[in-house]
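Here is the structure we will look at, set down as structure tokens.
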Amino acid sequence: MDEKHVELCECNVIHHETIEFALDKMPEEEILYDLAELFKVFGDTTRVKILCALFESEMCVCDIAAMFNMTQSAISHQLRVLKSAKLVKNRKSGKVVYYSLADDHVKQIFDQGLAHVIE
């Protein structure tokens, strides 16, 4: 049976300067919480697929639902999550609501994550 080994520090020296430097650079707790919540949004495959689709073109709920063979209700729910995270925006044209990426940062976040996964 393979044992998992965890690398442990074998000294008892605490590097106070290093700790203080890292703490000084650490964002506020509320910002870290918001960042963690943002990354949770990327934790759902359906939402990731929706973002991929929206990279190419703005789309309505009907088109996204048809694209992924899902109900409009299921897609609408995921779009609400993406919108509340400020990752997508919408515009209305008559009776049709079109969704698109909120800004260029969304693609950058996605691309960085994708590059990391592929690496």
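Quick notes
- Among residues of segment 56-69 being assigned to a loop (DSSP other than H, G, I, E, B) and not charged (D, E, K, R), the one that is surrounded by the most Cβ atoms within 10 Å (Cβ to Cβ) is PHE68.
- Looking across VAL88, VAL81, one residue alone is within 23 Å of GLN108 (Cβ to Cβ) and touching a strand residue (DSSP E or B) at 6+ places or on another chain (Cβ under 8 Å). It is VAL88.
- Every condition in (1) modelled with pLDDT of 95 or more; (2) part of a helix (DSSP H, G or I); (3) not aromatic (Phe, Trp, Tyr) holds for ILE19 except the one numbered (1).
- The residues of segment 22-55 that are outside any helix (DSSP H, G or I) and within 14 Å of LYS86 (Cα to Cα) amount to a single one, PHE42.
- Residue that is surrounded by the most Cβ atoms within 10 Å (Cβ to Cβ), among those in segment 87-102 that are of a type outside the set (Val, Ile, Thr) and farther than 12 Å from LEU51 by Cα: TYR98
- Looking only at residues in segment 63-76 that are in contact (Cβ under 8 Å) with a residue 24 or more places away in the chain and within 16 Å of VAL96 (Cα to Cα), the one that is nearest to the chain's Cα centre (by Cα) is ILE75.
The values are calculated or read from the model by the stated rules, or taken from the named source; none is laboratory data. Nothing here was measured: the structure is a model prediction, and the numbers come from that model. Virtual Cβ from ideal backbone geometry, glycine too; neighbours counted across all protein chains shown.
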